[in-house]
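Everything below concerns the one structure shown next.
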Amino acid sequence: MQDDPIPSVRFPNGIDVPALGQGTWAMGEDAGDARAEIDSLRAGIDLGMTLIDTAEMYGDGGAEEIVGRAITGRRDEVFIVSKVYPWNASLKGTIEACEHSLERLGTDRIDLYLLHWRGNYPLAETVAGFEMLKASGKISAWGVSNFDTDDMQELLAVPDGANVAANQVLYNLSRRGIEYDLLPWCQSRGIPVMAYSPIEQGHILHNAELIRIAKAYQATPAQLALAFLLKRDGVIVIPKTSNAERVRENRYCVSLDVTDEDWQSLDAAFPPPAKKKPLEML
């Protein structure tokens, strides 16, 4: 099954990336786990999951260092996403934070650089920093994370705000609030949505209906939960694991061919939103 191609998502700048990537939250926190973390990321790259998401927040920079070690000699094969803390997101602070991330990653560029969530600095100032980084070649594109629809509308109103390339948000079967307005809003404007915590840190995997349907396809509940997200246009899914075998399992999710009837059963178990909900975060 793993030979089935991973679908791709196109960023506004015309770059295509795999819709199934890899997350790194909680990596780089324990030196004893480093080898397994590096091996899992490399396994994912080998399987075509070449988009790797990280942040200066994760492991206080440790996750970026793990990514840097995992991509040694393979930089041109991967698409690196990292994020700046909101309290570092002044014009000067954004540039300095990016330079520190580049050092930890051991690279001269970040493919997509995100504001991790909204802080006290004006969006126009952060965007100006992003644009300076882009002009200097230190980043290829920039985006945001944890932005709701009104935040996105405000962003597009600031100078160069329309250059936003992605919005990374909490999205999984149990957190479907973005389907009411944010996801359609982004889809209509060609702004990809990155889904973090796509299996709710494992909490949804004990759902009886999810287990029942997954068994019908000789799949795991996690594979079905990931396939649900990949079915959405313009959605990039970034599951995190430090287990190379689990990475391979995740990769198989692209091969699931689920019937409309079973998707409807999953909808009944995890109902889509009937009204606007505040954006959820972890």
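The values are calculated or read from the model by the stated rules, or taken from the named source; none is laboratory data. What you see is a predicted model, and the numbers here were worked out from it, not measured in a lab. Note: ideal-geometry Cβ built from the backbone for every residue, glycine included; neighbour counts use all protein chains shown. What goes into the accessible areas is simple: the full protein's heavy atoms, side chains included, and nothing from ligands, DNA or RNA. Shrake-Rupley method; radii C 1.70, N 1.55, O 1.52, S 1.80 Å.
May I have the extent of the alpha carbons of region 10-62 along their three principal axes, as whole Å values ordered from largest to smallest?
Extents along the principal axes, in whole Å: 39, 24, 10.
For helix 34-46, report the angle its Cα long axis makes with the longest principal axis of the Cα atoms of the chain; keep it between 0 and 90° and round to the nearest 10°.
Approximately 80 degrees, to the nearest 10.
Hey, which lysines would be in cross-link range of residue 215, C-alpha to C-alpha under 27 Å, not counting anything within fewer than 8 residues on its own chain?
Those lysines meeting the cut-off are 231, 240.
Once phi is turned into ³J(HN,Hα) by the Karplus curve 6.51 cos²θ - 1.76 cosθ + 1.60 with θ = phi - 60°, what whole-Hz value does each residue of region 74-82 show in order, with x for glycine and proline?
Per residue, the Karplus-derived 3J(HN,Hα) values read 10, 3, 6, 8, 10, 10, 9, 10, 9 Hz.
When DSSP assigns beta bridges and you keep just the ones with both residues in the chain, what percent turn out antiparallel, to the nearest 5?
Approximately 15 percent, going by the DSSP bridge assignments.
Could you identify which residue out of 215, 138, 240 has the top mean-square fluctuation in a GNM of the chain using Cα springs shorter than 10 Å?
215
How much accessible area per residue does the chain have, counting only protein heavy atoms and a probe of 1.4 Å, in square angstrom?
Normalised by residue count, the accessible surface of the chain is 43 Å².
Rank by packing, highest mean first: peptides 244-257, 269-282, 65-78, 43-56, with packing defined as the count of other Cβ atoms within 10 Å averaged across residues.
By packing density, highest mean first, the sequence is 43-56, 244-257, 65-78, 269-282.
Using the alpha-carbon atoms, what tilt in degrees (0 to 90, nearest 10) does helix 123-135 show relative to the longest principal axis of the chain?
Helix 123-135 sits roughly 80 degrees off the main axis of the chain.
Taking the Cα atoms only, what angle lies between the long axis of helix 260-269 and the longest principal axis of the chain, rounded to 10 degrees?
Tilt relative to the chain: about 70 degrees.
Which label marks the calculated value of semi-axes √(5λ) of the Cα gyration tensor in Å, given the options (i) 24, 21, 20; (ii) 29, 23, 16; (iii) 38, 19, 18?
The listed entry that was calculated here is (ii).
Carbon and sulfur atoms: what percent of the 1.4 Å accessible area of the chain do they account for?
Its accessible area is 48 percent carbon and sulfur atoms.
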